[in-house]
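**Q** This is the structure, below, for whatever I ask next.
Values quoted throughout were computed directly from the atomic coordinates according to the rules given, and no laboratory measurement underlies them. Predicted model, so just to flag it, every value in this text is computed and none were measured.
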Amino acid sequence: MSKLKSLPEALLFDLDGTLADTIVQLAKAASASAVALGLTPPPQKTIQEYVGNGVNMLLARVLAGRFDVTLDDVDKDLLLKARAVFNQVYSEGLKTDFMVYDGVVDGLKYFKERGIKLVVVTNKPQIFADPLLKCMGIYDYFDFVLGGEVLKQRKPDPAPLQYCLAKIGVSNDRAVMIGDSDNDIIAGLNAKICTVFFTYGYNRANIQELDIDYKFDSFTQLTELIKSFK
């Protein structure tokens, strides 16, 4: 996709690592799941590397102790037990251990003032995405929120992005996908949407190999880009 030539009609955001730092929340819940099954939880830095493909995949990686794992590689009963613990611990900790990144609130407010439709499209389950955004105080800025486990497909599949665009009535050439990982960028590329990559999140090693339209070190740089279109 080519770079923006005019004000976009929609901005699609990832959540974890893009709008806020939530790794402590995720690490606590994932670690509790491992401990409940008699396993030694991995360090927080390792759990951060496991994030991005939904809760079940995160837990599968924690249980297997490696990144390159599929859901079929993990005992289904163990995964169900781990998920039950994760759901409880994560739900109890939604109000704490997160940090909305600098510039996010001001940026979202400005985007709304410009009449841009705002969407969150995340692999985080909907049951967590909605309340977390409310705890952060930014839920009301968004026109639509799509969590993981609503559709069969997840990012990097383009289907979640296409679903969101259909919901808000915006074509792909008038939208931007914004995220911090290869899942976000690949989904945007596959959906033929302009892409913005934030370097401060939980990015993957192969991100340099992707054809990204914009790379920013702060949320404010995105806001400045949008301000450049009068």
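**Q** Please work out the Kirkwood hydrodynamic radius for the chain, using every pair of different C-alpha atoms, and report it in angstroms with one decimal place.
**A** 17.8
**Q** Can you give me the relative contact order of the chain as a percent, contacts being Cα pairs under 8 Å and 6 or more apart?
**A** Worked out over the chain, it gives 26 percent.
**Q** Anything over 32 Å Cα to Cα? Flag those among Lys5/Lys45; Lys5/Lys28; Lys167/Lys230; Lys81/Lys192; Lys5/Lys95; Lys117/Lys155, in the order listed.
**A** Where the Cα-Cα span goes over 32 Å, the pairs concerned are Lys5/Lys45; Lys5/Lys28; Lys81/Lys192; Lys5/Lys95.
**Q** In the stretch 23-92, how does Rg compare with the Kirkwood Rh, expressed as the Rg/Rh ratio over alpha carbon atoms?
**A** Rg divided by Rh gives 0.90.
**Q** Here is a further query. Calculate one ³J(HN,Hα) per residue across the stretch 8-17 by plugging θ = phi - 60° into the Karplus curve 6.51 cos²θ - 1.76 cosθ + 1.60, and present them in order as whole Hz with x for glycine and proline.
**A** x, 8, 8, 10, 9, 10, 6, 9, 5, x
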